[in-house]
Every structure is written in structure tokens, then in C-alpha cells.
Amino acid sequence: MGLLDVLGVLISPAYALIAISSLVRDVPRGEGEHMSTITPPRAHATTSPPRTGVRHLGPNWYATVMGTAIVASAGAALPSPPPAVALQAVWALATAALAVLLAARAAHWARHRDQARRHLADPAVAPFYGCLAMALLAVGGATLSVGAGVIGEGPAVAVDAVLWTAGTITGLVAAAGIPYLMVTRHHVTPGTASPVWLLPIVAPMVSAALGPALAGHLPAGQGREAMLLGCYAMFGLSLLMTMTLLPLVFSRLIHHGPLPLALTPTLFLVLGPLGQSTTAVNNLADAVRGALPAPYPAGMAAFAVLYGVPVIGFALLWLAFATALVVRAARGGMGFAMTWWAFTFPIGTCVTGTAALARHTHLHAFTWLAVALYALLVAAWAVAGARTLAGLVGGQLLAAPRPAPATAPTTARTAFPRGTAPGRARPGQRSAARNASPSAPGASANDGPYHVR
């Protein structure tokens, strides 16, 4: 694959769909299962992780951009935002991180195409291609809401237009293409449903939430109306797909117990479509005033509150549920992994959602809730960022996945001994699966779906 092919995969979503199809068309169904097999390790002369450059830099790393950009844009959405200079500094950091990651991922495709093919063929990794779309959208939205104070409104609108367009097309390709690969190319066994599956289908919801601000810069007429109704369509497709997948995730938890330790933070990903959909309907309700004829603006304003309040209520319930499981995992020895970035962007969407409800209902309770969630977001971002930086400096996060202990081969996508899945494991086996040590597959700092193979 040449440089133009690489840039096409990263930037041009239409070409990305063709490239994905061509990359995996000769991959037999089930190869993802083969590639996730853990084999006994060979002896190493040193315990320090080998530096492998960008070979193991997967699409999951775009989550760091998403989590950073949302700190800036969510802060700007608060009724009383933090100092502008602080938000602008975070926006600049997110923009720089996006530029670096785009270049690094281009190098990954150019130098390690075999690894890129494995990523697309692995159902634990492929959903993270949704993070590319959301990273583009998040930086674009933060550029318009925060970066305009640095580069000016005109350039900010232009940058957001480019990033929103690229992110939206990429997100739609991922929302359609990744489920297609999961059906036709991936080998997905019962009991392996994961919140990570939500990533590609949430990307259009991010477009729906950020599109209204950009639509306001279009001239009144067919163009603005088409963009706003297109955002409503993306809100609907993402919401209905989320409603399809969430029961699978909860069923997996009920029938197979908690996720492996390092994957437990991914439960926070469920907050993403909840908070982002609330943000979307409220932002759209503001944007349609003067763009659509009566009675649609009044109806959409009412729908924004009638939809948003119950969804935020469910989001708070899920936040308590996921927090309890994270505390349980921490007590069981959960160490740092890139999954910790799941604590950032989803919580940020709840900040923007509750802030939007505060704007429409004028309830102080929503204002204080938004402030409390933002404090939680900043704390999570600071911890995840510091630990990620330490892992990069130490070389662990870009090293090859750590091999499992010298035992019989097993697969990394199940926490159950051979012969017990997909049914309920025996009591002793289920307890062991729930309390997998940090050195187990998917449980170490350089393993699991947030650090891809």
C-alpha cells in the first residue's frame, strides 16, 4: 500500500471502505480468533519491553484525543466555564495530539500493513476505528467552541467544517462497515459482547451533537435545513443501533459475570450514547429556531427535555453500576491500561448533556450536576493522561503485547476455561474468571482491546 493509499484509509472514508473490503476479503472467517491465540512465551534476556515503534499503535489511541478534546468543549458548555486560557491550552494539546496520531497511524499503515490487517480482522480491535471519526469530530467541535478565541472565528469555522465533514463520513463508514465485518468476516462467539462494540455506532451521534453549531454558520435555506435534518437522521440511526446492542452487553454481564479486570472501565462507554444523544437533541432544538417552520421548533424543544431527562436519569444509574464494578475490579488488582480513557469522553458527553438541560429547564440541579460531572471528568483525564505519559516514556504502551504464562494455548476473548462458554461457568471457574490477575490476557497495561495487537 502506497502513501496515497495510507492517507486514503486515514482521511478519505469512502476509500477507507474499499480498502477495508480489499484488506480482509482474503481473510477466512474466524482468522481473528486465530490471531488472538496466546501461545507460551519464549525466554527473554531482559525484562524491559522491546521498543517496536508504531507497529502496535492501534486505532484505540484516538481515544486519547477524544478524551482531551472533550475536556475543552465540555468546559466551554458549562454555565460558568473555567478560565478561557486553560480551555484553550487543552484544545491546543488535543489538536497537536490529533496531528501526531494521524501521522503515526499513516506510518503504521505504510510500514506494518500486516498488523493493520490483523486489526481489521479482529472483532476486539476493529470497533476502535470509530475512535478516528470521533477524534476528528471532537477536535473540530472544540476548535469552534474554544479555539475560535485563539485563531479567530473564520478559521475556526473552516477547520471545523473540514473535520466535521471528514469525521461524519468516516463515522458513517465505520457504523456500516464494522458491523458488516463482524457478520461476514469476524468469528464472534457467544458471551463475548463488549461495550467496545458501541464505538463505531456512536460516531454518527457525535456528528449529530456537533453539527448544529456548524449549521448556524450556513446561510438560511435548503442547505441549513438539510444539514439539521441530516443530524436528526444520524441521531436516530445511532440511537436505534445502541438500543440493539445494549441488551447484548447487559446479557453478557448477567450470564457470564463481570468483564476481565482491565476491560471493566469499558463499561463507562455505555454513557457515551446516552450523554451524546441528550446533547444532540438539545443542540438541535436550539439550532432549528428560524431554520424550520412552525410547529417544528416548539415540538423539538419539548422533545429535547422529554427525551433528555429520562436518558440522563438512566445514565446516572449506569454510572453508579459501572463505578461499583470498577471499584470491585480495583480491589481485585486492576492495574492501569489504556481502557482507563473510557473514563473521559463518555463522562464528558454527560457534562454537555446535563449542561444543555440546565440551559433549557433553568434548573439549578442540572447546573450543579454538570459541574460535578466535569470535576470527575477533569480528574479522570489527569490520571489517565499522567499514566499514559509514564507508559509512553517507559516504553510499555507501545511494546508488543505481553505473552501469557507457559500454559496450553487459549484465546484472549474469553475469560472462561475451554468447554464452559457460552454457558454459565462452574462456580469455581466463574470466580477465577471474574478475578483474573493483572498478568492475564487483556488485563495488563499493554494488553486488552485498548492496547491492540
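The values are calculated or read from the model by the stated rules, or taken from the named source; none is laboratory data. Please read these numbers as outputs of a predicted model, since none were measured by experiment. Quick reminder, even Gly has a Cβ in these numbers, built from the backbone with ideal geometry, and neighbours come from all protein chains shown. Please note that ligands, DNA and RNA were not included when accessible areas were found on the heavy atoms of the full protein model with its side chains. Shrake-Rupley method; radii C 1.70, N 1.55, O 1.52, S 1.80 Å.
Using 7 Å Cα-to-Cβ label points, what is the ARG328/LEU240 separation (nm, one decimal)?
Going from the ARG328 label point to the LEU240 one covers 3.4 nm.
Can you sort PHE128, PHE314 by solvent-accessible area, 1.4 Å probe, largest first?
Largest accessible area first, the residues go PHE314, PHE128.
With a 1.4 Å probe and every protein chain left in place, tell me how much accessible area ASP114 has, in Å² to the nearest 10.
For ASP114, the solvent-accessible surface is approximately 70 Å².
Could you rank MET182, MET241 by how accessible they are, 1.4 Å probe, largest area first?
From most exposed to least exposed: MET241, MET182.
With all protein chains present and a 1.4 Å probe, how do MET134, MET227 order by accessible area, largest first?
In descending accessible area the options line up as MET227, MET134.
Please find the FRET efficiency linking LEU363 to ARG113, where r is the Cβ-Cβ separation and R0 is fixed at 60 Å, and quote it to the nearest 0.05.
Approximately 0.70, to the nearest 0.05.
Can you give the FRET efficiency to the nearest 0.05 for ALA390 and HIS217, using r as the Cβ-Cβ distance and R₀ = 41 Å?
0.50
Measure off 7 Å from each Cα along the Cα-to-Cβ vector at LEU229 and THR184, then give the distance between these two points in nanometres to one decimal.
3.1
Give the calculated FRET efficiency between LEU248 and VAL85 to the nearest 0.05, with a Förster radius of 41 Å applied to their Cβ-Cβ distance.
0.40
Rounded to the nearest percent, how much of the accessible area of the stretch 193-333 (1.4 Å probe, protein heavy atoms only) is carbon and sulfur?
75
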